[in-house]
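The values are calculated or read from the model by the stated rules, or taken from the named source; none is laboratory data. These figures come from a predicted structure and were not determined experimentally. With ideal geometry, Cβ positions are generated from the backbone for all residues, glycine too; neighbour counts draw on all protein chains shown.
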Amino acid sequence: MNLTIDAKSPLPAYQQVIQAIKLEVLSGGLCDGDLLPSIRDLAKLLKLNPNTVAKAYYALEAEGFSENRSGSGSRVRVPAGRRDALRQAMFENELKNFLEKAVSLGFSLEDIQQFIERIKNEPSHR
């Protein structure tokens, strides 16, 4: 599992942990039933407070993406039919963040559309 935390990100660390674990699930790095690192181990690896990792794990469990069994740790749960919905939601969130940043930098939606068209027409994207 390859997780990193960006200290400069406006996104809180626990949300970055949640997103990183979900991305690992979507990319196949984590599968249904895989054991997640212990809270302490992941906190040490990411140089975070264990409470931050615990908050992420509790949120994942509340969303149905993990299951905590007392004494045996947290395991990945990929709810049936949720993989595609999760992929779509993550993409939409990333796109929304990108568009908000582009607009805040002074780009219009027309500028962004022209950029997308230019990329689509590049030989490597045909």
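I'd like to know if the stretch 18-30 contains one or more residues that are under 20 Å from Ser72 (Cβ atoms), in contact (Cβ under 8 Å) with a residue 12 or more places away in the chain and either not assigned by TED's automatic domain parsing to the domain that holds Ala59 or not in a helix (DSSP H, G or I) (or both).
Yes.
Give the stretch 80-126 a look and list any residue that's among the aromatic types (Phe, Trp, Tyr) and more than 23 Å from Gly29 (Cβ to Cβ), or say none.
Taking the stretch 80-126 and keeping what is among the aromatic types (Phe, Trp, Tyr), we get 91, 98, 107, 115.
Answer for the stretch 80-126, where residues must be among the aromatic types (Phe, Trp, Tyr) and more than 23 Å from Gly29 (Cβ to Cβ): Phe98, Phe107, Phe115.
(1) of a type in the set (Lys, Arg); (2) farther than 22 Å from Asp6 by Cβ; (3) out of contact with any strand residue (DSSP E or B) (no Cβ under 7 Å at 6 or more places or on another chain): which one isn't true of Lys101, the others all being true?
(2)
Tell me the residue from Ala62, Ala56, Ala85 that is surrounded by 12 or more Cβ atoms within 10 Å (Cβ to Cβ) and assigned to a helix (DSSP H, G or I), please.
On the way: Ala62 fails: surrounded by 12 or more Cβ atoms within 10 Å (Cβ to Cβ); Ala85 fails: surrounded by 12 or more Cβ atoms within 10 Å (Cβ to Cβ).
Of the residues listed, the single one that is surrounded by 12 or more Cβ atoms within 10 Å (Cβ to Cβ) and assigned to a helix (DSSP H, G or I) is Ala56.
Could you grab the pairs with beta carbons closer than 6 Å, sequence gap of 6+ or different chains, first residue in the stretch 65-84 and under 14 Å from Pro37 (Cα atoms), second one of a type in the set (Lys, Arg)?
The qualifying pairs are Ser66/Arg77; Glu67/Arg75; Glu67/Arg77.
When you scan the stretch 20-53, how many residues do you find that are surrounded by fewer than 16 Cβ atoms within 10 Å (Cβ to Cβ) and modelled with pLDDT of 90 or more?
Of the residues in that region, 11 qualify.
Restricted to the stretch 41-53, and to residues that are without any contact (Cβ under 8 Å) to a residue 24 or more places away in the chain and assigned to a helix (DSSP H, G or I), which residue is nearest to Gly73 (Cα to Cα)? Talk me through it step by step, then tell me what you get.
Initial filter on the stretch 41-53 (without any contact (Cβ under 8 Å) to a residue 24 or more places away in the chain): 41, 43-44, 49-51.
Among the residues that remain, those that are also assigned to a helix (DSSP H, G or I) are: 41, 43-44, 50-51.
Numbers: Asp41: 12, Ala43: 15, Lys44: 16, Pro50: 14, Asn51: 16 Å.
The extreme case among them is Asp41.
Looking only at the stretch 65-82, how many residues end up being of a type outside the set (A, V, I, L, M, F, W, C), outside any helix (DSSP H, G or I) and either at pLDDT 90 or above or surrounded by 11 or more Cβ atoms within 10 Å (Cβ to Cβ) (or both)?
As a first pass, look at the stretch 65-82 and keep what is of a type outside the set (A, V, I, L, M, F, W, C): 66-75, 77, 79, 81-82.
After this cut, where a residue has to be outside any helix (DSSP H, G or I) as well, the list is 66-75, 77, 79, 81.
Those left that are additionally either at pLDDT 90 or above or surrounded by 11 or more Cβ atoms within 10 Å (Cβ to Cβ) (or both): 66-68, 73-75, 77, 79.
Qualifying residue count for the region: 8.
Based on what the data block shows, is Glu61 out of contact with any strand residue (DSSP E or B) (no Cβ under 9 Å at 6 or more places or on another chain) and free of Cβ contacts under 8 Å to residues at least 24 places away in the same chain?
Working: out of contact with any strand residue (DSSP E or B) (no Cβ under 9 Å at 6 or more places or on another chain): no; free of Cβ contacts under 8 Å to residues at least 24 places away in the same chain: yes.
Criteria not met by Glu61.
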